[in-house]
Amino acid sequence: MKKVCSLKISLIGMMLLPVLLSATSCTPLLIGQAACQGALVVGTAAASASARVPNEDLKRSIDEFNEALQFKDYSQALAFMVPDKRNAFWPLADRLKQKLDIAKYEVRDLELDKTKRNATVSLYVEYWRPECPIVKGVSLKQKWQYSEKDKKWEVGVTGFEAFP
């Protein structure tokens, strides 16, 4: 009985659809369909954002931190440092400011641990020193960790500590 009723309703709907479409514009239907699809996309994105590990946030943090170092915006770079390493960052920043210019950097590898809360980043940096403007390259390792408290990725080891 239920199958027969749903079949009748479907057939009636199919017969009425051309009548409804000819009597009214398709624009409201299309707008309603787009809104419904948009809501589905937004709802899906929100659900996946809350369920995913913040890997995209990690990539963005790595880029923002290293770009800040490249452009000598040390205050911006400081915002990505693990809190207990922030005091040690300023002497490093002073050395980098005087002795190192970063031409470019490239993230070569990114490894998350099993908890997906700690990461090791292999970074290749091309740089020169003001007293000797020859571009050189070096591979560095950065250590990142996710702060549950602050809901952001922070760097504990920048890799630049090895530069004299």
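The values are calculated or read from the model by the stated rules, or taken from the named source; none is laboratory data. Model, not experiment: these values are computed from the prediction. Virtual Cβ from ideal backbone geometry, glycine too; neighbours counted across all protein chains shown. What goes into the accessible areas is simple: the full protein's heavy atoms, side chains included, and nothing from ligands, DNA or RNA. Shrake-Rupley method; radii C 1.70, N 1.55, O 1.52, S 1.80 Å.
Odds and ends about this structure:
- Too-long pairs where the Cα-Cα distance tops 32 Å, listed order kept, from Lys97/Lys141; Lys72/Lys149; Lys99/Lys151; Lys59/Lys136: Lys99/Lys151
- Under 5 Å between amide hydrogens, built in the peptide plane, is the criterion, and for Leu140 it picks out Leu123, Tyr124, Val125 among residues at least 5 positions away or on other chains.
- Gain on full extension, evaluated as 0.36 nm per residue between Lys99 and Lys149 minus their Cα-Cα distance, stands at 14.5 nm.
- Counted by Cβ distance under 15 Å from Gln76, the other residues give a net charge of 0, where Lys and Arg count +1 and Asp and Glu count -1.
- Working note: Karplus 6.51/-1.76/1.60 with θ = phi - 60° gives segment 82-98 the couplings 4, x, 6, 10, 5, 5, 6, 5, 5, x, 5, 4, 4, 5, 4, 4, 7 Hz, where Gly and Pro are set to x.
- Additional length obtainable on full extension of the chain from Phe163 to Ser122, 0.36 nm per residue less Cα span: 13.2 nm
- Förster-model FRET efficiency, 25 Å R0, Arg86 and Cys132, C-beta, rounded to 0.05: 0.20
- Solvent-accessible area per residue, Å², over segment 99-144 with all protein chains present [probe radius 1.4 Å]: 62 Å²
- Prolate/oblate/rounded call for segment 62-122, Cα gyration tensor, a/c under 1.5 rounded: oblate
- Accessible heavy-atom area order of Phe65, Phe163, Phe71, highest first, probe of 1.4 Å: Phe71, Phe163, Phe65
- Extension gain (nm, one decimal) between Leu78 and Arg60, 0.36 nm per residue minus Cα-Cα: 5.0 nm
- Other residues whose C-beta falls under 12 angstrom from the C-beta of Ser147 contribute a net charge of -1, scoring Lys and Arg +1 and Asp and Glu -1.
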